[in-house]
Amino acid sequence: MAEKCTVCNEKIETTFLEKIRGTYIRKGKKLEAICSNCQKKLKNNSDK
Ligand SMILES: [Zn+2]
């Protein structure tokens, strides 16, 4: 199943282990997928 990034709406690739190249964040009851690019941006923002 292809996940889409919640931030940029791009398809997120998965590894052969079916892990996404990115991360999931929990929003209430829902898990939202974030691609690795947006994950970096989010990290940078939260560091400041
Ligand atoms: Zn993204």
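Read-outs: derived from the displayed coordinates by stated rules, not from any lab. These figures come from a predicted structure and were not determined experimentally. A quick note on method: Cβ atoms are made from the backbone with ideal geometry, for glycine too, and the neighbour counts reach across all protein chains shown.
General remarks:
- A cut-off under 14 angstrom between Cβ atoms defines the neighbours of Ala2, and their net charge, with Lys, Arg +1 and Asp, Glu -1, is 0.
- Taking the Cα atoms of the range 3-47, the ratio Rg/Rh between the radius of gyration and the Kirkwood radius comes to 0.98.
- Dipole magnitude of the range 3-47 about its Cα centre (Cβ charges: Lys, Arg +1; Asp, Glu -1), debye to nearest 20: 180
- Rounded to the nearest 10 degrees, the angle from helix 36-47 to the longest Cα principal axis of the chain is 20 degrees.
- On the beta carbon distance between Lys4 and Arg26, with R0 = 25 Å, the FRET formula returns roughly 0.90.
- Exposure proxy ranking, count of Cβ atoms within 10 Å, fewest first, for Leu42, Leu17: Leu17, Leu42
- Qualifying lysines (Cα of each under 23 Å from Cα of Lys40; at least 8 residues distant if same chain): Lys4, Lys11, Lys19, Lys27, Lys30, Lys48
- Electrostatic bookkeeping for Ser36 treats Lys and Arg as +1 and Asp and Glu as -1; over the other residues with beta carbon under 14 Å from its beta carbon, the sum is +4.
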